[in-house]
1. Tell me whether the range 278-300 contains one or more residues that are out of contact with any Cys (no Cβ under 6 Å at 6 or more places or on another chain), without any contact (Cβ under 8 Å) to a residue 24 or more places away in the chain and open to solvent by 30 Å² or more (accessible area, probe 1.4 Å).
2. Do we find that D82 is among the acidic types (D, E), without any contact (Cβ under 8 Å) to a residue 24 or more places away in the chain and more than 22 Å from A149 (Cα to Cα) in this structure?
3. Hey, among the residues in the range 463-477 that are touching a residue at least 60 places away in the same chain (Cβ under 8 Å) and within 20 Å of C237 (Cβ to Cβ), which one's nearest to the chain's Cα centre (by Cα)?
4. Between residues in the range 105-123 that are more than 19 Å from S478 (Cα to Cα) and residues that are at pLDDT 95 or above and open to solvent by 60 Å² or more (accessible area, probe 1.4 Å), which pairs lie under 8 Å by C-beta distance while being six or more apart or on different chains?
5. Among the candidates L120, L100, single out the residue that is in contact with a Lys or Arg (Cβ under 7 Å, 6 or more places away or on another chain) and either assigned to a strand (DSSP E or B) or not basic (K, R) (or both).
6. Would you point out which residue out of A195, A162, A158, A185 is surrounded by fewer than 24 Cβ atoms within 10 Å (Cβ to Cβ), under 30 Å from D14 (Cα atoms) and out of contact with any Lys or Arg (no Cβ under 7 Å at 6 or more places or on another chain)?
7. From the list T170, T182, pick out the single residue that is in contact with a helix residue (DSSP H, G or I) (Cβ under 7 Å, 6 or more places away or on another chain), closer than 18 Å to I231 by Cβ and among the β-branched types (V, I, T).
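The values are calculated or read from the model by the stated rules, or taken from the named source; none is laboratory data. These figures come from a predicted structure and were not determined experimentally. Cβ atoms come from the backbone with ideal geometry, glycine included; neighbour counts cover every protein chain shown. Just so you know, the surface numbers come from the protein's heavy atoms only, side chains and all, with ligands and any DNA or RNA stripped out. Shrake-Rupley method; radii C 1.70, N 1.55, O 1.52, S 1.80 Å.
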Amino acid sequence: MDVTDLLRELGVADAVVPDGGIAVRTPIDGSVIGHVALDDAAAVDAALADAEAAFRHWRRVPPPARGELVRLFGEELRGAKDALGRLVAVESGKILPEGLGEVQEMIDICDFAVGLSRQLYGLTIASERPGHRMMETWHPLGPVGIISAFNFPVAVWAWNSALALVCGDTVVWKPSEKTPLTALACQALLGRALARYDGIPGDVAAGLSRVVIGGVEVGAALVADPRARLISATGSCAMGRAVAPVVAARMGRALLELGGNNAMVVTPSADLDLAVRAILFAAVGTAGQRCTSLRRLIVHDDVRAALVARLKRAYEGIKVGSPLEDDTLVGPLIDERAFTAMQAALVAAAADGGTVSGGARTLADELPDAWYVRPAIVEMPGQTRIVTEETFAPILYVVPYRELDEAIVLHNAVDQGLASCIFTTDLREAETFTSAAGSDCGIANVNIGPSGAEIGGAFGGEKQTGGGRESGSDSWKSYMRRATNTINYSTELPLAQGIEFN
């Protein structure tokens, strides 16, 4: 598949070399679409040195002026949306509307960050001492290391980098080695914005954002380096368990967005038309390769048979095929490893008494080097061990329940705590699910699926999902350091707590 025109339009054609480095394959047909140079630990060291030098200047730039750079970046993204969205689809395998939607997320977070650049507010705090004022101030943190995954190859970087830049930080980004071209394209678009921005000298601009490409060695070097004040890492729970202790040992900060074994509870009062539509998008979108994909469907016995029958009919109508074709809803899995993991999970579910519908490989004759599958529905007698394990593929386990308390116990009985939802028209059930006694996830929705989070809300989850929050709300605080200031404008020196020290 020739992507030369796309790369040329995005300004990264020169980054693709004839051979050597990393071979970039498209999941659409498994073909090599280019090679990119491979970085090493020395390149990480150089990138962080540049980032630290640039930080010393960037932190002094007023936040609204930093926001101007992000505004210009948003303009560049608007102009390149079609090309970048198509490259996302080609490199990651997600369907074109989702690729375009991912770029729209980048545009949205730029808009959010520009507004935020004038709202980095601290508190004024009442002092117990006469003639004193207390306040908190927020200051830039330092270079931020970003590690992103293949399934959202550009949006997650933008969530982090747009906020980091307006907060006065610099960025070093290690993208997934499966999707380096989109990372280089983002860097080129930011470079275009920097060329239009006159707020900093050129040598500083070069260090504001750097991309390092490689595998575990490159990621490990970034995680271990104390110059990276914050490591924001998106990936599997296993990756998070490796990253967290290294960052903690050097007293750094970690913002972790890890796995999710997300569930929907469907109650007897649910609007099943609404539920079917939500389930379809959440369970099969991105070929089940979202951290927010719907994996467990906990359904009341009274509506289970009717709902499953409707879902099976809906699944039969799903077109699996090239993500670049207009009517495709499910593109390929990222690679053979993902397919093998899916098949192993289906075998385990069947051994546990599950009834499997779908899940077979398709288009193998036409595209032997690509990994397309039919999404699977698995009716389980209960929530067995395989159901509690996240498989990054379009598998939807259906588990029965009788009482809401039982459903909530089943819902919370997994290691991850990212996204969740309930479909009900009963106010008590809805409020119970979103209460402290309900879902234990970072995202808890009512009558909407677990996928498709908006920019304005903080995104992230609890337990082995890592506890991090990205994007909206007050997640900007992760990228800054807080100082509490007390100012004495009196001629006395009273001590707190009434202590006398004469």
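1. no
2. On the way: among the acidic types (D, E): yes; without any contact (Cβ under 8 Å) to a residue 24 or more places away in the chain: yes; more than 22 Å from A149 (Cα to Cα): no.
In short, no.
3. E470
4. I107/R78
5. Exactly one residue qualifies, and that residue is L100.
6. A195
7. Checking each option against the conditions leaves just T170.
A quick yes/no check of all residues on (1) in contact with a strand residue (DSSP E or B) (Cβ under 6 Å, 6 or more places away or on another chain); (2) open to solvent by 10 Å² or more (accessible area, probe 1.4 Å):
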position	(1), (2)
A393	no, no
Y397	yes, no
L404	no, yes
F433	yes, no
I455	yes, yes
